[in-house]
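Engineer: Dropping the structure in here first, questions after.
Throughout, read-outs are computed from the coordinates displayed, never taken from laboratory work. Quick caveat, the model's predicted, so the values are computed rather than measured. Ideal geometry is used to build each Cβ from the backbone, glycine not excepted, and the neighbour counts take in all protein chains shown.
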Amino acid sequence: MDKFKIFLTTTMMVSFLITIVIGITELVEYLTTGAFFYLEGWQPLSVLAVGVCTSIPTVLLLSPNNEKTAWLRIVLHFIIIMVIVMTSAYIFNWYHGFSGGIITFVEFIVVFSLVWIGNFSILKHEENLVNQALEKIRDEE
Amino acid sequence: MRVTVNTIPEKAEESAVISIHSMTAGVRNAISLLQDGEPTITGIKDGETYPVSVYGIYYAESVDDKSFIYTKNECYEVKYRLYELEGILDGRFIRISKSMICNIRKIRSVKNAVNSRMTATLLNGETIVISRGYVKDLKKRMGL
């Protein structure tokens, strides 16, 4: 159930953030150049599909308990997610041209960072709550 | 539970009356404490047996089919299995991994580690790891 929860949370978070980032990028482009981005009917599904595909390596690589290989798995996770996102972006026509690819890569870095920052913030908040609760019951040193 | 404490003259006999709806482990522990004083567990060190105060135990660990309890500065072997210790020790002890139970009142602070695990620094400066699967139990015990 714990892994399923990670899978679901990651899918929703990634899909949501990709949608936001694409939306903001296209809005900025429209406001600056007047260029209009026509959304194909299936493209929202492509965002969800990428969310699902990126959740699977997240569950597989970031769930195991082995601390020795943790950093290796984090780096591997980043590379695999990057390959999935950039390949999907190309296949699903999220961008056009080389410059579009660069912008998409930057967007990927932003979304990836936001997801990690989001998760870190949640864990930090929980850590603070536990420490505050421990203050109340801790024996004297 | 409402608790009333009355100070009585030295000559009068001390007594306690506990009014409960049903017997719980907490009530049993309270009764045991009142009747027998501070609970202890027998620990073995260098061939000698020692009564170890339960309240002084920092954590208990199972290694190679043997169980050990750790106090601030000492380590004792005990004849119980870890799951048996869980039944003997009171609610201040919680399982934090497959081979360890910890006295949460001896935890100075916790810190997130990689893979959603937590490291706990104890009052004596030792650091132990709370496995990811047991972090949830810790939070539940903390009322979070």
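Engineer: Give, in whole angstrom and from largest to smallest, the semi-axes √(5λ) of the equivalent ellipsoid of region A:60-128, with λ running over the eigenvalues of the Cα gyration tensor.
Structural biologist: For region A:60-128, the semi-axes come out at 28, 16, 8 Å.
Engineer: If one takes the longest principal axis of the Cα atoms in chain B, at what angle in degrees, from 0 to 90 and to the nearest 10, does the Cα axis of helix B:132-141 lie?
Structural biologist: Taking Cα atoms only, the helix is inclined about 20 degrees.
Engineer: Continuing with this model, one more query. For chain B, how big is Rg over Rh, using alpha carbon atoms and the Kirkwood form of Rh?
Structural biologist: Radius of gyration over Kirkwood radius for chain B works out to 1.03.
Engineer: Could you sort the peptides B:9-15, B:90-96 by per-residue average Cβ neighbour count (10 Å cutoff), highest mean leading?
Structural biologist: The packing order, highest mean first, is B:90-96, B:9-15.
Engineer: Are there chymotrypsin sites (Phe, Trp or Tyr not before Pro) in region A:1-91 that DSSP puts in a loop and that have at most 10 other Cβ atoms within 10 Å, and which ones?
Structural biologist: Answer in residue order: A:Phe36, A:Tyr38, A:Trp42.
Engineer: Follow-up question, since we're still on this one. Across peptide B:103-114, what mean number of C-beta atoms from other chains lies inside 10 Å of a residue's C-beta?
Structural biologist: Per-residue shielding by partner chains comes out at 5.
Engineer: Any idea what Rg and Dmax come out to for chain A if you just take the C-alpha atoms, in Å?
Structural biologist: Cα radius of gyration and Dmax of chain A are 18.7, 67 Å respectively.
Engineer: List the equivalent ellipsoid semi-axes of the protein assembly as shown in whole Å, largest first, each obtained as the square root of 5λ for an eigenvalue λ of the Cα gyration tensor.
Structural biologist: They are 55, 22, 15 Å, listed from largest to smallest.
Engineer: List the DSSP H helices in chain A whose Cα atoms stretch 30 Å or more along the helix axis and whose mean Kyte-Doolittle hydropathy is at least 0.0.
Structural biologist: Answer set is A:2-33, A:70-91, A:97-137.
Engineer: Which of the lysines could a cross-linker bridge to B:Lys139, judged by Cα under 23 Å and excluding same-chain residues fewer than eight apart?
Structural biologist: A:Lys3, A:Lys5, A:Lys124, A:Lys136, B:Lys98, B:Lys106, B:Lys111
Engineer: Note the angle between two axes, namely the Cα long axis of helix B:25-36 and the longest principal axis of the Cα atoms of chain B, as a number of degrees from 0 to 90, rounded to the nearest 10.
Structural biologist: Value to nearest ten degrees: 60.
Engineer: Here's a follow-up. For region B:20-109, which GluC sites (Glu not before Pro) are in a loop by DSSP, counting at most 16 other Cβ atoms within 10 Å?
Structural biologist: Answer by residue number: B:Glu74.
Engineer: Given +1 on the Cβ of Lys and Arg, -1 on the Cβ of Asp and Glu, and no further charges, what dipole in debye does region A:3-140 carry about its Cα centre, rounded to the nearest 20?
Structural biologist: Using Cβ point charges on Lys, Arg, Asp and Glu, region A:3-140 gives about 340 debye.
Engineer: Per residue of A:126-137, what is the mean number of Cβ atoms on other protein chains within 10 angstrom of that residue's Cβ?
Structural biologist: Per residue, the number of nearby Cβ atoms from other chains is 6 on average.
Engineer: Using the basic label-point model (7 angstrom from Cα toward the beta carbon), what is the B:Cys75 to A:Glu135 distance in nanometres?
Structural biologist: Going from the B:Cys75 label point to the A:Glu135 one covers 3.4 nm.
Engineer: Additional query: Report the residue, chosen from B:Asn103, B:Asn124, B:Asn73, that carries the largest GNM mean-square fluctuation when chain B is represented by alpha-carbon nodes joined by springs under 10 Å.
Structural biologist: Among B:Asn103, B:Asn124, B:Asn73, the largest GNM mean-square fluctuation belongs to B:Asn73.
Engineer: At what distance in nm do the modelled label points of A:Val106 and B:Lys140 sit from each other, each positioned 7 Å from its Cα along Cα→Cβ?
Structural biologist: In this crude spin-label approximation the distance works out to 4.8 nm.
Engineer: Moving on. Quick one: if the Förster radius is 30 Å, what FRET efficiency do A:Asn93 and A:Ile117 give, using the C-beta to C-beta distance and rounding to 0.05?
Structural biologist: 0.55
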